[in-house]
Each structure stands twice: as structure tokens, then as C-alpha cells.
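To start, the structure itself, in C-alpha cells.
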Amino acid sequence: MPKTTAPATPKRKPNPALMKPVKPDEKLSLIVGSTPLPRGEMTKKLWDYIKKNGLQDPHKKTMINADDNLKAVFNGKKQVTMFEMTKLVSGHVSAT
């Protein structure tokens, strides 16, 4: 009896808007550098900074505690959720 194969799932195409480089402003460039980066790379560098400096709340992992550099990006807030962080960071980038 021949085996039936499941239909191949189409490969997901990356969103071109997320691959387009964006330029960080002065405040964000202190954390991720000043060169234009795709949003995914920028988010990765931001998380590397957060982990390197131990800024993720140990009790509630969805919360990010701001140091002086992040406080400038977070509009003066001492603590934000990781979802709010994404929104706040978007205000500090511009199209190249």
C-alpha cells in the first residue's frame, strides 16, 4: 500500500518591512550602536544589552528594569513590560 504524504507547507516569507534598515536616534544608539539595522537585529541587540546588564526583573520576567540609558529610551519610566518596550523603542527609530 503506497504511503500518502502530507502536502508541503509553503515556506514563510520574511516581512520586507522588518528587513528594511532603520536608524536609531541618539538615545537608542547608546545601546544598539549608531549604524542602521533591521528591526530584528536592533531588538536582538537591545535584548543582549538587557541580559548583559541584568535588567530583566527576576521575579516577573515580562518586566524590564531601566538603567540610565534605557530610561531615556523608555521616556523616563523606571520599569516597562517587554511589549511596551517594543512600542517605546519604535519612537526612537527613523527610516534610512
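Points to keep in mind about this one:
- Taken together, 62, 96, 86 contain a single residue that is over 23 Å from residue 37 (Cα atoms) and hydroxyl-bearing (Ser, Thr, Tyr), which is 62.
- Restricting segment 64-92 to residues that are open to solvent by 30 Å² or more (accessible area, probe 1.4 Å) and touching a strand residue (DSSP E or B) at 6+ places or on another chain (Cβ under 8 Å), the residue that is modelled with the lowest pLDDT is 82.
The values are calculated or read from the model by the stated rules, or taken from the named source; none is laboratory data. If you're wondering where the values come from, they're calculated on a predicted model, not measured in any experiment. Every residue, glycine among them, receives a Cβ derived from its backbone with ideal geometry; neighbour counts consider all protein chains shown. In case anyone asks, the SASA skips ligands and DNA or RNA and just uses the protein heavy atoms, side chains included. Shrake-Rupley method; radii C 1.70, N 1.55, O 1.52, S 1.80 Å.
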